[in-house]
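Data block below; observations after.
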Amino acid sequence: MRFFSDFTKEVLATGILITFIVFLRIILARLIRRYAKISAIMEHRTNLVIKYIHLLINILAILGLIVIWGVQKKDILFTLSSVTTVVGVAMFAQWSILSNITSGIILFFFFPYRIGDIIKVHDKDFPVEAEIEDIKAFHIYLKTADGERITYPNNLLLQRGVSIIKPKPSNTEFTD
C-alpha cells in the first residue's frame with residue numbers, strides 16, 4: 001500500500017494517459033475507416049494505415065509514461081539518441097523500404113487511381129501501360145495487355161508521371 005501512497009500522482013496520470021490513448025486509438029480508427037468508406041479505399045489498405053497510426057500513438061504513449069514517471073531528461077535523450085542512431089544506420093541501408101511505406105501512406109489518402117484502372121507510367125527507361133490489379137503497402141500489381149504481371153514500387157509511382165488511360169467504370173446509376 002505504501003507504493004500507492006508514494007506514487008498517487010503518477011498512478012493517476014498513468015491511468016488517465018492509458019484511458020486517453022485507448023479512446024484516441026478507437027476514434028482515429030473510426031475516422032480512418034469512415035474516410036476509407038467514403039473514398040472507396042480497400043479494407044486491407046485501411047487496416048495498414050490504422051496499424052501505422054497505432055504504432056505512432058503507442059510510441060507517444062511510451063514517451064508520455066517516461067515523462068510521468070520522472071525518468072531523467074538526460075537519460076531519455078541519451079537513450080533516444082542511441083536508438084535513433086541505430087535505427088538511422090539501419091534505415092539508411094533500407095531507405096527504399098521506408099520510402100515505399102511513406103509513399104503507401106500518401107497514396108492511401110491521395111490516390112487518384114483505383115483497382116481496375118488502366119494507367120500509363122511515363123518512365124523513359126521502362127514505360128508501362130497496364131491495369132492496376134492490386135495496391136499494397138510497398139507496391140502495386142499491374143497486368144499488361146499481354147498478360148504480363150508487373151510489381152511497381154509505390155515511391156516510383158509518385159516520382160513518375162502517370163496517365164489514366166481508362167478509369168474503372170463507376171457502379172453508380174444515374175436516373176432522371
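The values are calculated or read from the model by the stated rules, or taken from the named source; none is laboratory data. Just so we're clear, the structure is a prediction, and the values are computed from it rather than from any experiment. Note: ideal-geometry Cβ built from the backbone for every residue, glycine included; neighbour counts use all protein chains shown. Keep in mind that these areas ignore ligands, DNA and RNA; they rest on the heavy atoms of the full protein, side chains included. Shrake-Rupley method; radii C 1.70, N 1.55, O 1.52, S 1.80 Å.
Pairs are defined by a Cβ separation below 6 Å, a sequence spacing of at least 6 or placement on different chains, a first member in segment 130-147 that is free of Cβ contacts under 8 Å to residues at least 60 places away in the same chain and closer than 13 Å to Lys120 by Cα, and a second member that is of a type outside the set (Ser, Thr, Tyr) and loosely packed, with under 13 Cβ neighbours inside 10 Å; the pairs so defined are Lys143/Arg149.
Looking only at residues in segment 27-39 that are open to solvent by 70 Å² or more (accessible area, probe 1.4 Å) and not hydroxyl-bearing (Ser, Thr, Tyr), the one that is farthest from Leu107 (Cα to Cα) is Ile27.
Under the condition of being open to solvent by less than 80 Å² (accessible area, probe 1.4 Å) and at pLDDT below 75, the residues counted in segment 57-93 number 6. Could we say that Ile132 is outside any loop (DSSP other than H, G, I, E, B), out of contact with any Cys (no Cβ under 7 Å at 6 or more places or on another chain) and modelled with pLDDT of 85 or more here? In short, yes.
If you check Thr79, Thr46, Thr102 for being of a type in the set (Ser, Thr, Tyr) and more than 19 Å from Ile140 (Cα to Cα), only one passes: Thr79.
Screening segment 149-165 for residues that are in a strand (DSSP E or B) and hydrophobic (A, V, I, L, M, F, W, C) and picking the one that is least open to solvent (accessible area, probe 1.4 Å) gives Ile150. Pairs meeting the criteria (first residue in segment 1-20 and within 12 Å of Gly64 (Cβ to Cβ), second residue at pLDDT 90 or above and aliphatic (A, V, I, L, M), beta carbons under 9 Å, at least 6 apart or on different chains) are Leu17/Ala61; Ile18/Ala61; Phe20/Ala61.
Only one entry of Asp146, Asp176 meets the criterion of being over 25 Å from the mean Cα position of the chain (by Cα), at pLDDT below 80 and surrounded by fewer than 15 Cβ atoms within 10 Å (Cβ to Cβ), and that entry is Asp176.
Residues that are more than 17 Å from Ile101 (Cβ to Cβ) and free of Cβ contacts under 8 Å to residues at least 60 places away in the same chain were ranked within segment 38-56; the one that is farthest from the chain's Cα centre (by Cα) is Ile38.
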